[in-house]
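Below is one structure; the comments refer to it alone.
Values in this text are rule-based calculations from the coordinates and carry no lab data. Bear in mind that the values here come from a model prediction, so they are computed numbers and not experimental data. Cβ sites come from the backbone with ideal geometry, for glycine too, and all protein chains shown count toward neighbours.
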Protein chains: 2
Amino acid sequence: MRCEIVAIGTELLLGQIVDTNSSWIGEQLALVGIDSHFQVKVGDNFDRMERTIRHALERSDAVICCGGLGPTQDDITREVIAAIMGVELHRDEAVVAKIRDMFESRGRVMVDNNRRQADIPEGASLIAQMPGTAPGLVCPIGDKVIYAVPGVPHEMRTMMDGTVLADLQRRSGETAVIRSRVLRTWGDSESGLAERLADRIDQLDGLGNPTLAFQASGMEGIKVRITAKAVHETAAAEIISAEETLLRGLLGDVIFGVDEESMETVVLNLLEARGLTLAIAEGMTGGVLSARLSEIDHGLTVFRGGAVRGEMEDGERPGADSAAAAAIGARRDFGTDVGLAVTAARAHDEQPPGTVFMNLAMGEAQYAQTVSLPGDRARFRNYAVINVLNFLRKTLMEQ
Amino acid sequence: MRCEIVAIGTELLLGQIVDTNSSWIGEQLALVGIDSHFQVKVGDNFDRMERTIRHALERSDAVICCGGLGPTQDDITREVIAAIMGVELHRDEAVVAKIRDMFESRGRVMVDNNRRQADIPEGASLIAQMPGTAPGLVCPIGDKVIYAVPGVPHEMRTMMDGTVLADLQRRSGETAVIRSRVLRTWGDSESGLAERLADRIDQLDGLGNPTLAFQASGMEGIKVRITAKAVHETAAAEIISAEETLLRGLLGDVIFGVDEESMETVVLNLLEARGLTLAIAEGMTGGVLSARLSEIDHGLTVFRGGAVRGEMEDGERPGADSAAAAAIGARRDFGTDVGLAVTAARAHDEQPPGTVFMNLAMGEAQYAQTVSLPGDRARFRNYAVINVLNFLRKTLMEQ
């Protein structure tokens, strides 16, 4: 089963938008065992879109068209697919009503252009999920199929997860179950991890199942992906769990989480399990730490709040002492169990630039760590945040 | 003159790396007036690479192959291009020596695999710039041309800027200058903007120059791009400026910035021009507003700081009153001229969910606005932040 991805939009060719959609879809296809040999970007041009999709259909079994489903005159994916299917478009009044309802629920009026979004090629069916005003389409052509999904990433993902991937698997007749789990690490290099796992990787090369792959994820650490193939879900899960246990034995606490678990999720879970609340004081990270914690802890139930304050670094003794005072201050101001502070040396301080001071006030104790980080400013902020979260994680785990 | 981009690497198809190279190259091509109608990703497979590059040569005058020039066995771009040219590879010993010198200057030893990087198709010439161990190639095929550049972004960019773009322009015989400017808008839909500009768009369709294009940028609003073609730089700049003046007349203050200006840049500039400092109080935005402001205002000179506090929403009267008190409190706590607060109704409040209360304390006055926002939580936060920044922008502009 081969599936080609066609990303549609002149803005993609002009580099005004980076095509992250094809990458995401490519990753999902690989995870369910479907080959994707070609991925093409094409502009909003009828002739070139038609040639590209026809060419894709010749060499693949399925084509996912991403983009060109909007309300404007240059959104012509619907028309192109109808031409390839050799059918007419018909306007689905139920979809028109749905789009109108969406606008009204936002207190806005649907303009006439939006009606075009309800034009469906004869013989095509609607994708059940419709998170925006663009309906997705499943368009059969003989024993092949074209899917049309919007270019808006969250709309595309909702439709891929809800309909397209399952439909592709059903069509592929693949009965083997392919599952994977990602072990997320922080604190060792890719070559360092490879050395620690060298013997196990050799063994698995002989066995063929499961497989391991490393994936550097920049500021989010290095991912170790376990992929297993089995006759059913339970067997795949067992293979993965056994491998995870083995790898945890080899890698220890550089593994901080699994799959989509971020460092902040792990830290918030650790705090919650211990019945602790947290407040923070941020200097040069400027709210990034707060934003990441509150992204997970919506209700601010464990992470109770924080302050961003440049003056923390303007005290008489910037550095370890001011971080210690700020951690105590945060705990007091927000009435929490734990106070955490992160600040950095200024260019004119005695410390080298890139020095980050972290302090944790918990119970009767205070824990301090100073690290020296590389990187330009944008990377420095995020690098400092992941370091301070890891500092909190390891300190909590040692209690 | 048409130039197609072929990005090479199985890791691109699998989504392990996002193909930002093609986007960057596409942008550079557009800026020098060269059309790029198709951009293709293909894996490290001889047959599929050959078919893809041959197909690209049929429909374009030039092909830029990006990637597959490394030292490992799956780096086969050199071999594929030689096959398409119908020539042999020869090893360029001067290049071998250059690669060896690079390794030695880094205190490392060149492994044998790296010699493969010095294999050049007969009739191809080397790109003068060579920032890494992979030489770039210019490979003429009749009156067409294939360029091969590495996938490492900074190496690719150095070769594009140093050789490829100038070579393409020379081949195209194009002397016209193409320039563009983006007007950034917030507060109207794409279809709404299209309706307001409908007459002007009709006029320009007749004139052909400049051209307008809309680009939805999600949470960052909708961009209106003006592109002008002229005989020289000054004439292009004049066409763009005249069009900008005309569009500003039609769209008014929904235009918040130009090109790379973000809403927070604009707001911080407005504050600075008025000699005002800012402090904020955030509820459900949880630090996102703070992180965005401090990302621009590194030194916290205009944006002095802020607090994230769940309790703001737990007062007796959550809503407009608590936002007003929080704006005053932020101004007092940080000793600034302006205090800004943003908070939201909770699910069990009398207000409908999605209601956001904004308040601005400035001088003797307080300004309040309440908006109702759609969206899931992640989008809701960012949507609230852009709304509160726009509220601050418009209030400052009205003073």
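Would you mind computing Rg(Cα) / (2.2 N^0.38 Å) for chain A, counting N as its residues?
1.21
Select from B:ILE146, B:ILE280, B:ILE296 the residue whose mean-square fluctuation is largest in a Gaussian network model of chain B (Cα-Cα springs shorter than 10 Å). Of the options given, B:ILE296 has the highest mean-square fluctuation. Cross-link partners for A:LYS223 among the lysines, with Cα-Cα distance under 30 Å and sequence neighbours closer than 8 places in the same chain left out: A:LYS41, A:LYS394, B:LYS41.
Averaging sequence separations of C-alpha pairs under 8 Å and six or more residues apart, then dividing by the length of the stretch B:177-258, give the relative contact order as a whole percent.
Numbers: 121 pairs, mean separation 37.4, N = 82.
Dividing the mean separation by the residue count of the stretch B:177-258 yields 46 percent.
Excluding same-chain neighbours fewer than eight residues apart, no lysines are reachable from B:LYS98 by a Cα-Cα span under 27 Å.
Give me the tail of P(r) for the stretch A:144-195 as a percent: Cα-Cα pairs with distance above 19 Å. Write out the running numbers ahead of the final one.
Working: 731 of 1326 pairs.
Within the stretch A:144-195, distances greater than 19 Å cover 55 percent of Cα pairs.
The GluC sites (Glu not before Pro) of the stretch A:100-195 that meet both conditions, a loop assignment by DSSP and at most 16 other Cβ atoms within 10 Å of the site Cβ, are A:GLU122, A:GLU174. What's the whole-number percent of alpha carbon pairs in the stretch B:177-258 lying beyond 16 angstrom? So the pairs more than 16 Å apart make up 48 percent of the total in the stretch B:177-258. The average projected area of the stretch A:205-351, computed from the convex hull of its Cα atoms over all directions, is 12.1 nm². Mean per-residue shielding of peptide B:194-202 is 1, counting Cβ atoms of other chains within 10 Å of each Cβ. Note: relative contact order over the stretch A:1-145, using C-alpha pairs below 8 Å and six or more positions apart, is 22 percent.
With a simple spin-label model that places each label point 7 Å from the Cα along the Cα-to-Cβ direction, the separation between A:ARG196 and B:ARG48 comes to 3.4 nm. Over every Cα atom in the stretch A:1-96, the radius of gyration and the widest Cα-Cα span, Dmax, amount to 13.8, 38 Å. Taking every C-alpha pair closer than 8 Å and separated by at least 6 residues, the mean separation divided by the residue count of chain A gives a relative contact order of 10 percent. Based on alpha-carbon atoms, the Kirkwood radius and the radius of gyration of the stretch A:95-196 give Rg/Rh equal to 1.18. Normalised by 2.2 N^0.38 Å, where N counts its residues, the alpha-carbon radius of gyration of the protein assembly as shown equals 1.01. Every helix of 4 or more DSSP H residues in chain B counts as -39500 (n - 2.57), and over all residues that averages to -12500 deg cm²/dmol at 222 nm. Counting only DSSP beta bridges with both residues in chain B, the antiparallel share comes to about 65 percent. Using alpha carbons only, the radius of gyration of the stretch B:3-172 set against its Kirkwood radius gives Rg/Rh = 0.94.
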